[in-house]
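The values are calculated or read from the model by the stated rules, or taken from the named source; none is laboratory data. Predicted model only: the values in this text are computed from it and were never measured. Glycine gets a Cβ as well: all are built from the backbone with ideal geometry, and neighbour counts include every protein chain shown.
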Amino acid sequence: MKLDKIFQFFVPKETKFQHLFKEASENLVKTAELLNQMVNEPDVEKRAKFVKSIKDAERAGDQITKRLYQALNSTFITPFDREDIYDLVSKTDSIVDLIYTSAKRMALYDLREVPLEFKEISRLIILASNEINYIFDGLKDAHTLAKYSKSLHVISDIEGKSDDINHQYLAKLFKEETNGIELIKRKDILNSLEKAIDRCDDVADIINTILVKYA
């Protein structure tokens, strides 16, 4: 074991990171749930109103991220490596940003009927976000993260399912959609939804990296 890791055993950990991480993951779940409500709302006008709520959650996420960066810059001893904290904060915030991007595109592109595939990916985003929120309970200490390994596998499986839906829908879209503008709009929305899932998997990869470092 490296000297810096031994040193971390004996130095009191900063607890402010744990609270901020949980704020970030809880805000992620809230944003994902708002998106899911939006895509399952059949009324177009009511659906558009969700965009403001999601934007508010995205702004709240930005503030949490800012506070996490400030804590990182002002703290000597951190619960695990600084670069991993930075990556974790950045990727978690990116999920929220992409959820907002997806919602905004649906409204701007005047999507009249939400495809079942978008609803399914939205549901998967919630599942992945809930797993991240659960994992973040263990971020107070890198050595407690091993018990969350099952959740990491769940997120990986979710990403795989989302990939399958993405590919199947693209094939269907290019085969059936005759309006080129509509095709571009739907492909654009699908892209941001899929990227949100990919960022969830990125978060799981970072946690895996931390586990390997402290194994």
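A few comments on the model shown:
- Filter pass, ASP87 being farther than 24 Å from ASP110 by Cα, in a helix (DSSP H, G or I) and modelled with pLDDT of 95 or more: no
- Candidate set from the stretch 35-51 (those that are in a helix (DSSP H, G or I) and modelled with pLDDT under 95); member that is surrounded by the most Cβ atoms within 10 Å (Cβ to Cβ): ARG47
- Taking the criterion of being more than 16 Å from the chain's Cα centre (by Cα) and among the basic types (Lys, Arg), the only residue of the stretch 197-215 that qualifies is LYS213.
- Taking the listed residues ASP137, ASP188, ASP97, ASP163, the one that is in a helix (DSSP H, G or I), under 16 Å from the mean Cα position of the chain (by Cα), modelled with pLDDT of 95 or more and surrounded by fewer than 17 Cβ atoms within 10 Å (Cβ to Cβ) is ASP163, with no other qualifying.
So that you can scan it fast, the table gives a plain yes or no per residue for (1) aliphatic (A, V, I, L, M); (2) in contact (Cβ under 8 Å) with a residue 24 or more places away in the chain; (3) within 20 Å of LYS30 (Cα to Cα):
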site: SER129; (1), (2), (3): no, yes, yes
site: ILE132; (1), (2), (3): yes, yes, yes
site: ASP157; (1), (2), (3): no, no, no
site: ILE210; (1), (2), (3): yes, yes, no
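- Within the stretch 1-34, if we keep just the residues that are surrounded by 12 or more Cβ atoms within 10 Å (Cβ to Cβ) and either at positive phi or among the basic types (Lys, Arg) (or both), the residue that is modelled with the highest pLDDT turns out to be LYS30.
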